[in-house]
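The values are calculated or read from the model by the stated rules, or taken from the named source; none is laboratory data. Small disclaimer: the values here were computed from a predicted structure and weren't measured. Cβ coordinates were reconstructed from backbone atoms using ideal geometry, including for glycine residues, and neighbour counts include every protein chain displayed.
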Amino acid sequence: MQRDIFDRIISFLLGASWAIVLFGALITFKIFIVLGFGLSLFITIFFIIVSLLIILALDAFAINRQRLLESKKQTELLEKIYSKHT
C-alpha cells in the first residue's frame, strides 16, 4: 500500500522520538549525576515524561489523519448511495 509523505514523516518522527527518549534519558542522567543521585533521577524522569507527551502528540496526529481519511471515504460512499436514490 502506498504511503503518503505525511505518514512517512510521522513514522520517522516517532522513531526518532523514541531514540531521543532512550539516549536523552541516559545522557540527562549522566550529566546531572554530579548534583546527586536523587536530583538526577528526578530530572531524568521529568525528561522521560515530557518526551512521552511529545510521542503521544505525534501519535495523535497519525490517528487523526487516519480518522480524516476514513471519514472522507465514508462521505464519498454516502454521496454515491444518495445520488443513486435521488
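Please verify whether A25 is part of a helix (DSSP H, G or I), exposed (fewer than 11 other Cβ atoms within 10 Å of the Cβ) and either within 21 Å of the chain's Cα centre (by Cα) or touching a residue at least 12 places away in the same chain (Cβ under 8 Å) (or both), treating the condition exactly as stated.
On the way: part of a helix (DSSP H, G or I): yes; exposed (fewer than 11 other Cβ atoms within 10 Å of the Cβ): no; either within 21 Å of the chain's Cα centre (by Cα) or touching a residue at least 12 places away in the same chain (Cβ under 8 Å) (or both): yes.
No.
Only one of these is at pLDDT 95 or above and of a type in the set (A, V, I, L, M): I45, I54. Name it.
I45
Can we say I45 is in a helix (DSSP H, G or I) and in contact (Cβ under 8 Å) with a residue 40 or more places away in the chain? Step through it out loud before you land on a result.
Details: in a helix (DSSP H, G or I): yes; in contact (Cβ under 8 Å) with a residue 40 or more places away in the chain: no.
Here the answer is no, as I45 does not meet what is asked.
Among (1) outside any helix (DSSP H, G or I); (2) under 14 Å from the mean Cα position of the chain (by Cα), where does R3 come up short?
It is condition (2) that R3 fails.
Is one or more of the residues making up region 3-13 surrounded by 13 or more Cβ atoms within 10 Å (Cβ to Cβ), more than 22 Å from R67 (Cα to Cα) and at pLDDT below 95?
Within region 3-13, not a single residue is surrounded by 13 or more Cβ atoms within 10 Å (Cβ to Cβ), more than 22 Å from R67 (Cα to Cα) and at pLDDT below 95.
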